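Trainee: The structure that follows is given in the form of structure tokens.
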């Protein structure tokens, strides 16, 4: 019998604490699906989701992040057009100047109310949930 399981991933909403409005860092993807995305990626075998989040944030942005809290877990089977993934989404804090690296073609710093339109995956919903949480203290519904 062959089992097919969702692939674990992480996404990291990085708040830049050394800027007054705490903008967030997004990357423009170098590989399909193209567009803007929250930094993140696949969890390696033998790695915790926390370790994966810190590693992916550094690989894609050059920032050393501190994980602040867990926002939510997103597991819609259609969230990633490549395969069924589930993402553990963290809110993290960082300071400094991020730079695009690894599979990030470009990088942008955005105010939470000025997010670009062409977001990949389910990142529009994740960022909407993040803004709602930051503004009202309410987490996404289960």
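Since every read-out is calculated from the coordinates, none of them should be taken as a lab result. No experiment lies behind these values; they were computed from the predicted model shown. Please note: Cβ atoms are built from the backbone with ideal geometry, for glycine as well, and neighbour counts cover all protein chains shown.
Trainee: Could you work out the helix-only [θ] at 222 nm for the chain, with each DSSP H run of four or more residues adding -39,500 (n - 2.57) and the total divided by the number of residues, to the nearest 500 deg cm²/dmol?
Mentor: -6000 deg cm²/dmol
Trainee: Where does each of 123, 58 land when they are ranked from fewest to most other beta-carbon atoms within 10 angstrom?
Mentor: So the ranking, lowest neighbour count to highest, is 58, 123.
Trainee: Using the Kirkwood formula over every pair of different C-alpha atoms, what hydrodynamic radius in Å results for the chain?
Mentor: Taking every pair of different Cα atoms in the chain, averaging 1/r and inverting gives 15.2 Å.
Trainee: So for region 14-99: antiparallel DSSP bridges make up what percent, rounded to the nearest 5?
Mentor: 75
Trainee: Quick check for you: which residues of region 104-119 have the amide N under 17 Å from the point 7 Å beyond the Cα of residue 31 toward its beta carbon?
Mentor: Under cut-off, by backbone N: 104-106.
Trainee: In percent, what relative contact order does the chain have, based on Cα pairs under 8 Å that are 6 or more apart in sequence? Walk me through the numbers on the way to the answer.
Mentor: On the way: 291 pairs, mean separation 43.5, N = 142.
In percent, rounded to a whole number, it is 31.
Trainee: With springs connecting C-alpha atoms under 10 Å apart, model the chain as a Gaussian network and identify which of 15, 111, 60 has the largest mean-square fluctuation.
Mentor: 111
Trainee: Here is a further query. Against the longest alpha carbon principal axis of the chain, how many degrees, from 0 to 90 and to the nearest 10, is the axis of helix 49-61 turned?
Mentor: 60
Trainee: Could you let me know the centre-to-centre spacing of region 5-74 and region 87-142, using Cα atoms, in angstrom?
Mentor: 9
Trainee: Right, next: Angle check, please: helix 123-136 long axis (alpha carbons) against the longest principal axis of the chain (alpha carbons), in degrees 0 to 90, nearest 10.
Mentor: Approximately 50 degrees, to the nearest 10.
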